[in-house]
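The values are calculated or read from the model by the stated rules, or taken from the named source; none is laboratory data. It should be emphasised that the depicted structure is a prediction, and the values quoted were computed from it without experimental measurement. Here the Cβ positions follow ideal geometry from the backbone for every residue, glycine too, while neighbour counts run over all protein chains shown.
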Amino acid sequence: MIPSLILLLALPFLLAVAVAALPRSSRSTAAWLAAAAPLAGLALLATLTPAVLDGEVLRSSGQWLPQIGLDFTLRLDGLAWMFAGMVLGIGALVVLYAHYYLSPQDNAHRFFCYLLLFMGAMLGMVLSGNLLLLMIFWELTSISSFLLIGFWSHRQDAREGARMALVITGGGGLALLGGVLLIGRIVGSFDLDVVLAAGQQIRDSALYPYVLFLVLAGIFTKSAQFPFHFWLPQAMAAPTPVSAYLHSATMVKAGVFLLARLHPALAGTDLFFYTVSGIGALTLLIGAWNAIFQHDLKGLLAYSTISHLGLITMLFGLSTPMSVVAGVFHILNHATFKASLFMAAGIIDHETGTRDMRKLGGLRKLMPFTSALAIIASLAMAGIPLLNGFLSKEMLFAEALDAGGPEPMRLAMSIAALLAGVLGVAYSLRFVHDTFFGKGPHDLDRVPHEPPRWMKVPVEILVVICVAVGIAPALTIAPVLHAGAAAILGDRMPEYSLSIWHGFNLPLAMSAAGVLGGIALYFGLRRLINLYAVRNTTPGRDAFHHQLDLLSALAQRLTGAIANGSLQRMLLGLVVVAVIVGAAPWLAAPAWPNWPSPQPMPLLGWALWAVMMACAMATLRMYKQRLLAVLLVGGVGLMVAMTFVFLSAPDLALTQLLVEMVTLVLMLLGMNYLPAQSVTERSKLRKYRDAGIALVAGLGLAALAYTAMTLPPNTMAGEMLARALPEAYGSNVVNVILVDFRGFDTFGEITVFGIAALVVHAMLRRSRMAPEQIMPGPPIKLPVPADLAQIMFPLTLTVSIFMFLRGHNSPGGGFIAGLILAVPLLIQYVIQGTASVESRFGFDYIRCIGIGLLIAVVSGCASMLFGVPFLTSGHLDLHLPIIGDVPLASAIGFDTGVYLVVFGGAMLMLSMMGTIKPSRTRTARRGEIDPQKRSALTGEMR
């Protein structure tokens, strides 16, 4: 394993946690910490640069889930090195820019935390050496970009833009996953080196068309290619630093990165050539044409980004060695001039209060330095000589003229390239002319002025790069370009020249024609039509919302038919489906199981069974008295726990007992919002129906339980018992299974439990009483129970810690210990009131869940540093003074995460249930919340 690669990937995630833990008052510290991640990453990348430039491929591999082919493999070649440099370099500039851009009202800690999470996800994607690992980071970029685009969640356009981006890119991610799984089926491995070496095998497979279209669906959605391009302009509701980062060098480049990465495996067929180059050319023209008619600075830049992404896609689709070089070159050039333009647009918005070009104009006099920077970057975008955009645009013209395929295809590509040159100059000219020239600005809320000095520094650096590459490409960009292109082409790397002057030739003539045609087009449109009066339409967005409305209407109908408010009907549906599913294998079996004769049951077993049945029957008899019925159901659970004790299963008994206590309290809290008595059932037919279904379900469960207990199954219990102590260093096999042998399952379960607690919080937080309305103490003073609760808490905390520490070798563990800790705190809530408990203890249950999950992840990943799979346990014998020898298993770290998640999740749900508005807002008949009692503005109960 190469520690530098692991640290390079881990830095953004670690510093994201550090930023999130800072107090909100330390905005500058948060910015410095956020900047430390990309700067330290660049330093690490610099140490690996000589090996990469020499053509080496650096790998760091560790097992994760080898059973499904998922290894934690990091792979740094020239392409990954180039993209990692872009992600880190522009990321550092964006952090500096954002520090000055964000207002004091913005939560800078949350912003930088999201930004670092996205940075880490992008690094993980470009460094992945396993396709399944790449998919994980691919989806993480979608999730983290959703958080960034929707950062200003108080704005409807931000919420809609974030949702649209997540739905489109998430849907493409599902398609990409299907393509990756098919590649694994064809090749027999998800290792990237194996896949790239098996290109001919993939192309010869009958599954190749399906692989190609599924992979391209993921690529096209991520890189905003037609017909999925409409999400990108809607994402401009994000803060400008987000747009400068996501929509220049990172998120939208993820698709073209994957296209470049899989190019050796998928390219080389007519299907690839026509599909990729055709969609790229179409996107190139659609984006460029729409950019001309935008009135918002960021809207113009968004459509121009779509156009340039189409240009890159078209170049990779042409599939010649030089077209690949040109595509890689334009990835670099576009990242620099587009990031600088987004930042310039943000400065204009920041200092004038608007991005509407209809209100701007003449800013070159009021903001001369910013205007100069933006004009140079715009000229680079237009492809003007002596700037970096000119070089890659000239390569585009040359490759379009030499495109393969029939003559009509070559002609179409050449025309598309020329039109793109014309339209690119036109929208660049509009950006410059309507913003910095013409009549002065009007209808502004503030007087325009230059931004703070350090806010301009990132733009200055990027513009200097544009000029330096344009003037001396061989001395600046050549090594980076060669490393990136060679990683794709390998032995097919062509000879090429990055000279500024290649003599008079057809590509130069096309460049001149593009500049002249763009100038003529822009001023011609200004004379023929009023560009300011053009109303922009977004049919893609409208179609998206229409489809969502149809889906929502269908979901409402389905929900109305199944979950129409009648809990009885919903429960009936669940039980009937369970009976049908459970009965199907029995009815389809050729013969009934050959049950052995039952063993005699001791008297204690009969007594437990009798008490359990008595509680169950009493519940049926007294169901109208809800409080008593709930207590009787708790009696059934208690008898189940005693049965586990009787059957020598102490871990299960403890878990059942504690879960029963917490569930009982949760049900009692829920009863506060229901009528005191159940509605009398008047229909005898319904009674008989419910009784019959309940009887069938009960008999079915009894038969299933009896079969499971009497038939000799092919169990792994013997193997687990034999392996527990020598391999996992624990004699409590139940805990060993949970935190070691099946630790990944447990990790999934605590994640689901944490999500469920957060869902309860999200659903009830608007109905929670305001802090000043929460009773500071109990309505009646209860000194004895209050004193007992105070005494119980430290004692129960000690018991909880004891049960936690002994769990690996005796009954206990993180789950049981977390519930033990929750019970006394819950009693404090009941006796002393919510305000009193929360003011004294101050638990942040949401943070407790997050810290628990983080500890679980870190402890699982720690094993991978030693070359073993995720969550593999280690053992250490400690000799402590006085105490003596202490055996310590690394699984204690994972169990700590379980402990915190269980405690935080249980307490979050119970505290929310205990502090929502009481029963005065329910109707007398059904216990429903009256919607008239809700505040229309906040959703708070009145």
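For the reader, a short list of remarks on this structure follows.
- For A509, the criteria (1) at pLDDT below 80; (2) within 20 Å of A416 (Cα to Cα) hold in every case but one, which is (1).
- So L475, is it farther than 20 Å from L373 by Cβ and within 37 Å of the chain's Cα centre (by Cα): no
- Some residue of the range 68-82 being buried (at least 23 other Cβ atoms within 10 Å of the Cβ), assigned to a helix (DSSP H, G or I) and either under 22 Å from the mean Cα position of the chain (by Cα) or at pLDDT below 90 (or both): yes
- Among residues of the range 731-750 that are free of Cβ contacts under 8 Å to residues at least 24 places away in the same chain, those with a Cβ under 8 angstrom from a residue that is part of a helix (DSSP H, G or I) and not small (G, A, S), sequence gap 6+ or separate chain, pair up as V733/M720; V733/L721; I737/M720; F741/M720; F741/R723.
- Members of the range 852-903 that are touching a Ser or Thr at 6+ places or on another chain (Cβ under 6 Å) and of a type in the set (S, T, N, Q): S863, T872, S873, S890
- Filter result for T305 (surrounded by fewer than 24 Cβ atoms within 10 Å (Cβ to Cβ) and of a type in the set (V, I, T)): no
- Entry remark, the range 881-913: residues being more than 25 Å from E727 (Cβ to Cβ) and hydrophobic (A, V, I, L, M, F, W, C) number 13 in total.
- Elements of the type helices (runs of 4 or more DSSP H) sitting completely within the range 366-478 and holding at least 1 residues that are basic (K, R): these cover 388-401, 407-436, 453-471.
- Summed over the range 214-230, the residues that are touching a residue at least 40 places away in the same chain (Cβ under 8 Å) and not in a loop (DSSP other than H, G, I, E, B) give a count of 8.
- Candidates L632, L695, filtered to the one that is in contact with a Cys (Cβ under 9 Å, 6 or more places away or on another chain) and at pLDDT 80 or above: L632
- Qualifying residue in the range 108-120 (condition: under 30 Å from S189 (Cβ atoms), in a strand (DSSP E or B) and outside the structural domain of G867 (by TED's automatic domain parsing)): no
- Among (1) loosely packed, with under 12 Cβ neighbours inside 10 Å; (2) modelled with pLDDT of 80 or more; (3) farther than 30 Å from R621 by Cα, the one test that V736 misses: (1)
- Among the residues of the range 466-489, just one is surrounded by fewer than 19 Cβ atoms within 10 Å (Cβ to Cβ), touching a helix residue (DSSP H, G or I) at 6+ places or on another chain (Cβ under 7 Å) and either of a type in the set (G, A, S) or not assigned by TED's automatic domain parsing to the domain that holds V324 (or both), namely A468.
- Positions within the range 699-750 being in contact with an Asp or Glu (Cβ under 7 Å, 6 or more places away or on another chain) and among the hydroxyl-bearing types (S, T, Y), in sequence order: none
- Among the residues of the range 197-204, not a single one is among the polar types (S, T, N, Q), in a helix (DSSP H, G or I), in the same structural domain as S248 (by TED's automatic domain parsing) and buried (at least 17 other Cβ atoms within 10 Å of the Cβ).
- Odd one out for T275, checked against (1) part of a helix (DSSP H, G or I); (2) crowded, with 24+ Cβ neighbours inside 10 Å: (2)
- Test result for G124, in contact (Cβ under 8 Å) with a residue 12 or more places away in the chain, farther than 28 Å from A40 by Cβ and in contact with a helix residue (DSSP H, G or I) (Cβ under 9 Å, 6 or more places away or on another chain): no
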